[in-house]
1. I'd like the Karplus ³J(HN,Hα) series for segment 59-66: coefficients 6.51, -1.76, 1.60, θ = phi - 60°, whole numbers in Hz, and an x wherever there's a Gly or Pro.
2. Please turn the phi angles of segment 127-141 into ³J(HN,Hα) values with the Karplus equation 6.51 cos²θ - 1.76 cosθ + 1.60 (θ = phi - 60°), one per residue in order, whole Hz, x for glycine and proline.
3. How about LYS172: which lysines have a C-alpha closer than 21 Å to its C-alpha, ignoring those fewer than 8 places off in the same chain?
4. Under 14 Å Cα-Cα from LYS340, which aspartates and glutamates qualify once same-chain neighbours fewer than 8 residues away are excluded?
5. So what J values fall out for segment 34-43 if you push phi through Karplus, 6.51 cos²θ - 1.76 cosθ + 1.60 with θ = phi - 60°, rounded to Hz, Gly and Pro as x?
6. Tell me the label-point distance for the pair PHE337, VAL246, using the 7 Å Cα-to-Cβ offset, in nm and rounded to one decimal.
7. Assuming a ≥ b ≥ c are the square roots of the Cα gyration tensor eigenvalues, decide whether segment 174-233 counts as rounded (a/c under 1.5), prolate (otherwise, with a/b larger than b/c) or oblate.
8. Across segment 207-350, what fraction of all alpha-carbon pairs, as a whole percent, falls in each successive 5 Å bin from zero upward?
Amino acid sequence: MGLVQARVKRHRWYPKILKNQDPIVISCGWRRYQTRPVYSIQDHNMRQRMLKYTPEHMHCHATFYGPLAPPNTAFIATQGATDKRSSSFRIVMTGVVLGLDKTVEVVKKLKLTGTPYKIYKNTAFLKGMFSSVLEVSKFEGAIIKTVSGIRGQIKRPLSAPAGACRATFEDKIQMSDIVFLRCWVGVDIPKLYVPVVNLLAEDKVWSGMRTVGEIRREQGLAIPVKKDSQYTPIERRDKVFKPLVVPKNLQKNLPFKTKPKLSKKRNNQLYVTKRAVVNEPGEKKLITLMQQLLTAQKDSDKRRSDKKKQDRAKHDAQVAQLDRKLHNKAKERRKVFYRKNAKADQAEKD
């Protein structure tokens, strides 16, 4: 008995994908037994990364506990041992044994988050990321990052509160920043081995471990919903920055072009803006006449500019036609010149 590592693929006729650590019945050689495989895929750095579900049309690795088999041994797997467990195609996947390595390590991603509670320039004290001093000591020197993109490193654990640590960053962070640590954690392979002893007895029906979905279906239980995992609308407040204030002593030493020249807004309106202008009848006629003259002037300017555009377009077309004629004439002259030179060269050779 031991850990068996295999390369598997979901059968193309099976309608569903397989869930990680769901019990299946494996038929390998003379043995048929039930086990709980852990699916993984091999990254470019030979890391076995755990998968929640098998790929749709790809191979993946499966690590399970069972009787040892020599490499290149083929096997098939079914969801259950009887036809009552499944009304569709029964073979869920096929595979081949790769090896019998006892040091198989399957890992999954883990993201730890924490918040700062004290900040001293580029140094900050974090809490909420770990639960004890021992955990902090395991992650000394690990790379951390804030949501805003400031990178840092975990330095030392703190005595109080429990799980607090000291970290340094590239730049000063804020109290509202969230610090997270990306790491990998090992996954334990469940050691389940239930042999299928006898399927010939008519009065006894072999029944192994059921999946969570089958238990919920039989008992009529709904899938639990976590409120924290549901998507909620995010409302972000617009950050209002304080205005730039230049001290008066510094303003005196600055050159004139760099001095602030923003005038303060007046709370009280000036007399010029508040007064009412009442035009006399003669002034009204004069203003109307000026408006009419300006309108006529704008109209004549517009017609003049349109006429210039048309004349320019006509002139450009004539110039382009003349350039084409000159180009064709030059081309004909070159042909005649090269033809005469070719005949003269041929006569000299003869």
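1. 7, 8, 9, 10, 10, 9, 9, x
2. Calculated HN-Hα couplings, in order: 9, x, 8, 10, 10, 8, 5, 5, 5, 5, 5, 6, 10, 5, x Hz.
3. Straight-line reach from LYS172, under 21 Å: LYS118, LYS121, LYS127, LYS145, LYS155, LYS239, LYS242.
4. GLU332, GLU348
5. Residue by residue, segment 34-43 yields 9, 8, 10, x, 10, 8, 8, 9, 8, 7 Hz.
6. Those two pseudo-labels are separated by 6.7 nm.
7. On the way: a/c = 8.41, a/b = 2.04, b/c = 4.12.
Judged from the Cα gyration tensor, segment 174-233 comes out oblate (a/c at least 1.5, b/c at or above a/b).
8. 1, 5, 4, 4, 4, 4, 4, 4, 5, 6, 7, 6, 5, 5, 6, 6, 7, 6, 5, 3, 2, 0
The values are calculated or read from the model by the stated rules, or taken from the named source; none is laboratory data. Being a predicted model, the structure only gives us computed values, none of them experimental. Note that each Cβ is placed from the backbone with ideal geometry, even for glycine, and that neighbours are counted across all protein chains shown. For accessibility, only protein heavy atoms count, side chains too; no ligands or nucleic acids. Shrake-Rupley method; radii C 1.70, N 1.55, O 1.52, S 1.80 Å.
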